[in-house]
Amino acid sequence: MVRSYTVAVVGLFVGLLVLTDLASPSITDRHATRVSLDLAADPLLRTAENLAMQERPIDIVIIGSGSAGLNAMAQARAAGRSFVLINGGAPGTTCARIGCMPSKVMIHIAEEYYRRTHFGQFGIDGHDGLSIDLSEAMKHVQELRDGFVQGVVSRSTDKLPDDVFIQDYARLIEPTLVEAAGQRFRARAVVIATGSTPIVPAPWRQFGDRVITTDEVFELPDLPASMAIIGMGTIGLELGQSLARMGVAVTGFDQIERIAGIADPEVNRVAIELMRQEFAIHLGAPAALAEAGAKIRVTAGEHEVLVDKVLSSIGRAPMLQGLGLEVLGLPLDARGVPPFDPATMQVGHLPVFLSGDATGERQVLHEAADEGKIAGYNAAHVDRPPTRFKRKTPFYVNFCDPNIIAVGARFDQIDTGRAAVSEVSFATVGRARAMGAGRGVLRVYADKASGRLLGAEMIAPRGEHLGHLLAWSIEQGMTVGEVLRMPFYHPVIEGALKAALSDLYAKIDTKNSGPVIEVASVDKSAYVASKHGVMGLTRAVALETATTGVTCNAICPGWVLTPLVQKQIDALAEREGLSNEDASVKLLGDKQPSQSFTSPEQLGALAVYLCSDAACNMRGVGLPVDGGWLAQ
């Protein structure tokens with residue numbers, strides 16, 4: 001519905017406001033935020049509206065009750081701030097309703113049914129007689145999906161009073177003045193977490209419900225005989241393989257020559273080869289749709305297919321239309337997104353914060369949750385400069401079979417002249433072969449000079465677990481040698497990672513101390529001193545002398561600019577795109593109060609003083625600590 005406002009003016013100040021509800025078929029797009037007549041064009045109308053609507057003061061207005069919005073709410077609540085949570089559309093997160101969770105149920109059903117194709121090689125008979133009831137399968141998807149959604153809302157929005165959880169579409173009147181449900185909220189800070197919506201090109205909408213998105217695919221009571229999936233990214237590839245395994249004649253299309261967003265050319269080649277074994281995929285040409293009776297003709301280059309339905313999987317756009325972001329006074333990009341700082345989530349220099357899929361950047365749940373926490377924290381402490389947060393190692397999982405994983409730096413982001421690359425085929429991994437899953441490839445990247453892990457891409461059985469191990473290692477700044485000293489059981493899929501790291505170790509300059517690569521020696525004082533300085537050396541000596549009664553003391557005067565430290569600065573500058581000076585400041589800021597190095601002269605003067613008679617006058621407190629515990 002759109003409200004039409006008619007005003008009759010009597011004299012200069014008297015107006016009669018007549019409101020008439022009119023149905024408007026031009027605004028039936030379910031993805032559009034509420035559309036209303038622009039009152040700003042008429043000052044008298046604006047004055048009448050302002051008089052009719054009072055402002056309610058509030059600390060924080062949060063727009064959107066998805067993963068980002070709910071995490072922002074948790075931060076507001078923890079800080080003791082008053083807030084309202086405004087949500088247009090169905091409650092519950094994108095993940096629970098139309099994303100991660102229902103898709104994983106469908107993937108699991110498809111994988112279980114597909115397993116029958118391997119039974120013959122294991123000597124299991126009767127597999128040819130197995131069949132799938134698609135309507136029952138979709139009913140199972142929907143029942144679990146509804147349970148996931150209910151689980152989210154029952155723990156969050158269902159517990160909020162009506163004056164805190166506002167179910168309506170919001171509109172910004174000013175940067176910190178928000179209107180929804182006939183109310184206006186004057187906020188100290190605003191968090192925008194409105195999520196995203198599937199992209200459907202306007203010409204495709206003429207085909208009605210024959211062109212669907214993830215908003216509709218999990219609502220189908222049954223599956224069509226044939227379907228074209230346009231867009232071979234994460235969603236398109238996952239659903240394409242699952243639907244094909246469930247018996248739908250699937251044809252995939254994408255105008256680029258890559259699938260699943262893979263950057264590594266070898267991983268991309270293997271992935272395309274494996275996916276084409278399950279359903280047709282046509283790449284390198286845009287798809288066009290045309291009527292063909294009850295079906296749709298999809299054409300891309302020299303390829304053509306007639307299908308019952310088309311799944312549009314060409315991406316998701318930030319859901320910002322109709323929110324009124326023009327009042328921020330900042331330039332908006334082609335998607336309608338204002339400039340924001342990913343370390344603070346602050347929009348420009350305003351008390352407005354953006355988070356989750358609405359940013360159009362890292363559209364995955366764990367990133368949306370983190371961004372909601374960052375935005376919510378800074379909104380709750382808007383009276384001081386925003387806190388900058390370190391973003392986590394990029395990590396993406398495509399749950400097709402085998403999994404497609406990207407973690408850390410992508411292949412097109414590394415300097416191949418300064419990086420080493422290792423490759424392992426899963427056809428050589430014993431556990432994968434025993435599972436009947438010996439297919440795929442793992443590629444790992446590391447810095448040649450420091451040996452630090454940079455990133456990896458793979459198509460791998462159970463790759464989601466390998467991806468986590470690599471993400472945690474990269475997040476900790478570990479080197480290839482350090483990861484090799486972690487325990488690896490046998491036989492496991494992780495054996496592929498060990499093989500890749502062993503190959504990579506031969507290509508890097510920085511080596512482990514001690515005579516055995518994979519096992520650290522106990523006598524490691526020199527190594528600890530070189531890596532961790534005086535404090536590390538003292539801890540190592542304390543461990544070695546713990547039972548002798550010798551007391552080990554250390555005074556660490558600060559960081560000295562040594563060649564080893566310079567390597568850390570260079571690596572930090574390259575990794576984060578900083579100047580050498582800024583990298584030095586950042587490194588020191590994490591290690592000591594001062595942002596300047598201790599000079600060798602200062603260090604020498606301290607040593608001279610400690611060796612002089614005057615040092616006998618020093619007084620302090622001794623804290624006896626077991627040497628073994630201290631070393632740990």
**Residues located in region 569-608, provided they are closer than 20 Å to residue 478 by Cα, open to solvent by 30 Å² or more (accessible area, probe 1.4 Å) and outside any loop (DSSP other than H, G, I, E, B)** = 570, 574, 575, 576, 586, 590, 591
**Request:** Check region 251-259 and report whether any residue there is hydrophobic (A, V, I, L, M, F, W, C), over 26 Å from residue 444 (Cα atoms) and either in contact with a His (Cβ under 8 Å, 6 or more places away or on another chain) or open to solvent by less than 10 Å² (accessible area, probe 1.4 Å) (or both).
**Result:** yes
**Prompt:** Which pairs do you get when a residue that is over 15 Å from residue 76 (Cβ atoms), found in region 158-177, comes within reach of a residue that is open to solvent by 20 Å² or more (accessible area, probe 1.4 Å) and acidic (Asp, Glu), reach meaning Cβ atoms under 8 angstrom, with the pair 6+ apart or on two chains?
**Reply:** 177/55
**Item:** residue 105 within 27 Å of the chain's Cα centre (by Cα), open to solvent by 10 Å² or more (accessible area, probe 1.4 Å) and hydrophobic (A, V, I, L, M, F, W, C)
**Value:** yes
**Message:** Being in contact with a strand residue (DSSP E or B) (Cβ under 8 Å, 6 or more places away or on another chain) and surrounded by 21 or more Cβ atoms within 10 Å (Cβ to Cβ): is that true of residue 194 here?
**Reply:** yes
**Message:** As an exercise: evaluate residue 204 against (1) part of a helix (DSSP H, G or I); (2) touching a Ser or Thr at 6+ places or on another chain (Cβ under 8 Å); (3) within 30 Å of residue 421 (Cβ to Cβ) and give the number of the one condition it does not meet.
**Reply:** (3)
**Item:** Positions within region 458-488 being open to solvent by less than 20 Å² (accessible area, probe 1.4 Å) and either assigned to a loop (DSSP other than H, G, I, E, B) or touching a Cys at 6+ places or on another chain (Cβ under 8 Å) (or both), in sequence order
**Value:** 461
**Asked** Does region 489-507 hold any residues that are under 12 Å from residue 446 (Cα atoms), surrounded by fewer than 20 Cβ atoms within 10 Å (Cβ to Cβ) and touching a residue at least 24 places away in the same chain (Cβ under 8 Å), and which are they?
**Response** 503, 507
**Request:** Taking residue 200 as the residue in question, decide whether it is touching a Leu at 6+ places or on another chain (Cβ under 8 Å) and not small (Gly, Ala, Ser).
**Result:** no
**Item:** Only listed residue being surrounded by fewer than 21 Cβ atoms within 10 Å (Cβ to Cβ) and not in a loop (DSSP other than H, G, I, E, B), chosen from 243, 239, 274, 223
**Value:** 274
**Message:** Which of the numbered conditions does residue 286 fail, given that it passes all the others? Conditions: (1) in a loop (DSSP other than H, G, I, E, B); (2) under 23 Å from the mean Cα position of the chain (by Cα); (3) closer than 29 Å to residue 209 by Cβ.
**Reply:** (2)
**Request:** Could you tell me whether any residue of region 362-384 is open to solvent by 50 Å² or more (accessible area, probe 1.4 Å), modelled with pLDDT of 95 or more and closer than 24 Å to residue 114 by Cβ?
**Result:** no
**Residue match in region 124-135 (condition: surrounded by 15 or more Cβ atoms within 10 Å (Cβ to Cβ) and either part of a helix (DSSP H, G or I) or in contact with a strand residue (DSSP E or B) (Cβ under 6 Å, 6 or more places away or on another chain) (or both))** = yes
**Message:** If I ask for residues that are modelled with pLDDT of 95 or more, surrounded by fewer than 20 Cβ atoms within 10 Å (Cβ to Cβ) and closer than 22 Å to residue 511 by Cβ, which ones from region 430-449 would you list?
**Reply:** 448
**Fill in**
Counted residues in region 483-497 being under 14 Å from residue 428 (Cα atoms) and under 26 Å from the mean Cα position of the chain (by Cα) come to 4
**Complete:** Within region 273-314, the residues that are in contact with a helix residue (DSSP H, G or I) (Cβ under 7 Å, 6 or more places away or on another chain) and free of Cβ contacts under 8 Å to residues at least 24 places away in the same chain are none
**Item:** Qualifying position, being within 29 Å of residue 422 (Cα to Cα) and modelled with pLDDT under 80, among 527, 505
**Value:** 527
**Message:** For region 65-110, give me each residue that is part of a helix (DSSP H, G or I) and among the charged types (D, E, K, R).
**Reply:** 77, 97, 104
**Asked** Where in region 385-456 are there strands (runs of 3 or more DSSP E), lying fully within it, with 3 or more residues that are of a type in the set (Val, Ile, Thr) and within 14 Å of residue 268 (Cα to Cα)?
**Response** none
**Message:** Please go through region 368-386 and give me each residue that is under 14 Å from the mean Cα position of the chain (by Cα) and under 25 Å from residue 322 (Cβ atoms), ordered by number.
**Reply:** 368, 371, 372
**Asked** In region 42-84, which residues are more than 19 Å from residue 323 (Cβ to Cβ) and at pLDDT below 95?
**Response** 42, 43, 44, 45, 47, 48, 50, 51, 52, 54
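The values are calculated or read from the model by the stated rules, or taken from the named source; none is laboratory data. Note that the coordinates shown come from a computational prediction; the quantities given were computed from them, not determined experimentally. Note that we place each Cβ from the backbone using ideal geometry, even for glycine, and neighbour counts take in every protein chain shown. We work out accessible area using only protein heavy atoms, side chains counted, and drop any ligands, DNA or RNA first. Shrake-Rupley method; radii C 1.70, N 1.55, O 1.52, S 1.80 Å.
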